[in-house]
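Contents: one structure, followed by commentary.
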């Protein structure tokens, strides 16, 4: 059974706080979602108010070349950028990046403009990463939907030439349907196996025609001969074109930095999982994950696109939206009551954040031994 997503929970909370019925409601889900999306930036900024170390959303960019000037899209929700850091090719911290002045004779090196990051030729080595840490100015279009995570169609392995670690498909090219890193299972087992290699070659019949030969990282308990096989992605999800709740965001990199949460599946491999979206292609609707799943969700997948820290901000956002709607309706008594509860909750969250994150101050940003850039 699928879990309840952020949007559904928040809409329900708002209706409860306003004593708004689900049937014959004055406020449709679409209208409430509009205020939820607008409220996120306000509540997030309120949480960061007065903080020495504000809560930030990270976004990583990999330098594709250092031999020419490059331009990289940033998520459309990027607001203030307190810090940009340089990482090595393995994602390890190297140093903070200082911006050169506008009239520096060597050029600005790196600069942010028009929701993009400009990197001057030679400023960042090829393969290194740049981490942009920003305060969100809003959120992407939030939604819940269903999709499938399978790669290609269900295929049947040859009845003779398979082993416990190798699957053979004679005289066909299925390279794109069983890519390295994908997860597969067969019709006779619920155990999942990851593809370690795939190539065209002699599958065992010796007829001179190339066959698709798929090798697994771990052995199955029995041969794959004649079994029905399906492969699934573990590093991406294709988002629904017309979501069941909310709307799809069609802006470039709209969901980069957002949370993709699997609420459930009907494919016999049911799990609930959160992943940060690394990149989003608004043409193909593919959300690539910052960290792969251990195994990919199968069957019909119920998912949601939610903002960072949504579980922490569930009630504050519900309260903020309820206060706004109550104000529109002229219900001053409810505005005062909900507003007081909202302020008390935000105060508690700010103090909690300060206790856990404020003790280090700006040690890593200043001219101190804690900043690797200034070490001798």
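The values are calculated or read from the model by the stated rules, or taken from the named source; none is laboratory data. It should be emphasised that the depicted structure is a prediction, and the values quoted were computed from it without experimental measurement. For neighbour counting, all protein chains shown are included, and Cβ atoms are generated from backbone atoms with ideal geometry for every residue, glycine included.
Output the residues belonging to region 30-60 that are surrounded by fewer than 17 Cβ atoms within 10 Å (Cβ to Cβ) and either touching a strand residue (DSSP E or B) at 6+ places or on another chain (Cβ under 7 Å) or part of a loop (DSSP other than H, G, I, E, B) (or both).
49, 50, 51, 52, 58 - these are the residues of region 30-60 that are surrounded by fewer than 17 Cβ atoms within 10 Å (Cβ to Cβ) and either touching a strand residue (DSSP E or B) at 6+ places or on another chain (Cβ under 7 Å) or part of a loop (DSSP other than H, G, I, E, B) (or both).
Go through 264, 226, 257, 206 for me and flag whichever is surrounded by 14 or more Cβ atoms within 10 Å (Cβ to Cβ) and farther than 22 Å from residue 298 by Cβ.
257
Quick check on residue 124: is it crowded, with 18+ Cβ neighbours inside 10 Å and not in a strand (DSSP E or B)?
yes
Only one residue in 142, 170 is buried (at least 16 other Cβ atoms within 10 Å of the Cβ), within 25 Å of residue 45 (Cα to Cα) and modelled with pLDDT of 90 or more. Which one?
Among 142, 170, only 142 is buried (at least 16 other Cβ atoms within 10 Å of the Cβ), within 25 Å of residue 45 (Cα to Cα) and modelled with pLDDT of 90 or more.
Restricting attention to region 216-233, does a residue exist that is touching a helix residue (DSSP H, G or I) at 6+ places or on another chain (Cβ under 8 Å) and either under 21 Å from residue 307 (Cα atoms) or modelled with pLDDT of 90 or more (or both)? Before the answer, list the steps.
We begin by selecting, within region 216-233, every residue touching a helix residue (DSSP H, G or I) at 6+ places or on another chain (Cβ under 8 Å); these are 231.
If we keep only those that are either under 21 Å from residue 307 (Cα atoms) or modelled with pLDDT of 90 or more (or both) as well, we get none.
No, there is no match, as no residue in region 216-233 is touching a helix residue (DSSP H, G or I) at 6+ places or on another chain (Cβ under 8 Å) and either under 21 Å from residue 307 (Cα atoms) or modelled with pLDDT of 90 or more (or both).
Exactly one of (1) surrounded by fewer than 17 Cβ atoms within 10 Å (Cβ to Cβ); (2) within 24 Å of residue 44 (Cα to Cα) is unmet by residue 320. Its number?
So the condition that residue 320 fails would be (1).
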